[in-house]
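Engineer: Pasting a structure here, questions to come.
The values are calculated or read from the model by the stated rules, or taken from the named source; none is laboratory data. Because the structure is a prediction, the values reported are computed rather than measured. As a convention, Cβ positions derive from the backbone with ideal geometry for all residues, glycine included, and neighbour counts pool all protein chains shown. Protein only, heavy atoms only, side chains kept; ligands, DNA and RNA dropped before computing areas. Shrake-Rupley method; radii C 1.70, N 1.55, O 1.52, S 1.80 Å.
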Amino acid sequence: NIKIICADITTLKVDAIVNAANTTLLGGGGVDGAIHRAAGPELLEECRALKGCKTGQAKITRGYQLPAEYVIHTPGPIYQDGTHGEPELLAHCYRNSLILARDFHCKTIAFPCISAGVYGYPMQDAATIALSTVYTYLADTKANMIVYHVCFNKETEALYRTVLANIMSKQSDSKQSRKC
């Protein structure tokens, strides 16, 4: 139930889109700014009432003028060198967003490439954490959810497809070895 697409996340008709937010939740650059612009000023007003969000956590708002019913806001880590808890925090972004989506009965959710823009997370590492966290969550919880990973260009989409194929291959290999 993992789909990889190249699209503008603000145009997707899904139950929830995820915003790679900053900790203030008051909008910013990149996907965060695009989501705020597309949703309209009501989103900013609701975000103000949330009083921010810690890195790795997630909060939910209505989607307002977006085709998505909800926006899940999650601040990703700013990449330093990978030894300051960044991998765990990035995984928490995905896991906590999925939990919130489940709690709000979302059947479809779309993620951007969290932290891989101005926050400087290396794309290969960000994709591996994103896809392995989502894959594990769906497998462990048996969640009936379609999860879109929305890439902003064809190169990123190709990378995500390669990473997902590797994850699925490893899972298949480990299932085979348990049968022996």
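Engineer: Anything in region 5-33 that is of a type in the set (A, V, I, L, M, F, W, C) and either in a loop (DSSP other than H, G, I, E, B) or within 23 Å of L89 (Cβ to Cβ) (or both)? List them, or say none.
Structural biologist: Residues satisfying the conditions are A7, I9, L12, V14, A16, I17, V18, A20, A21, L25, L26, V31.
Engineer: Could you please find all residues in region 67-110 being surrounded by fewer than 15 Cβ atoms within 10 Å (Cβ to Cβ) and touching a strand residue (DSSP E or B) at 6+ places or on another chain (Cβ under 8 Å)?
Structural biologist: F104, K107, listed by residue number.
Engineer: Among the residues of region 17-57, count how many are in contact (Cβ under 8 Å) with a residue 40 or more places away in the chain and open to solvent by less than 10 Å² (accessible area, probe 1.4 Å).
Structural biologist: The number of residues fulfilling the criteria is 6.
Engineer: Let me ask another. Could you tell me which of the residues G120, G63 is open to solvent by less than 10 Å² (accessible area, probe 1.4 Å), at pLDDT 95 or above, among the small types (G, A, S) and touching a Phe, Trp or Tyr at 6+ places or on another chain (Cβ under 6 Å)?
Structural biologist: It is G63.
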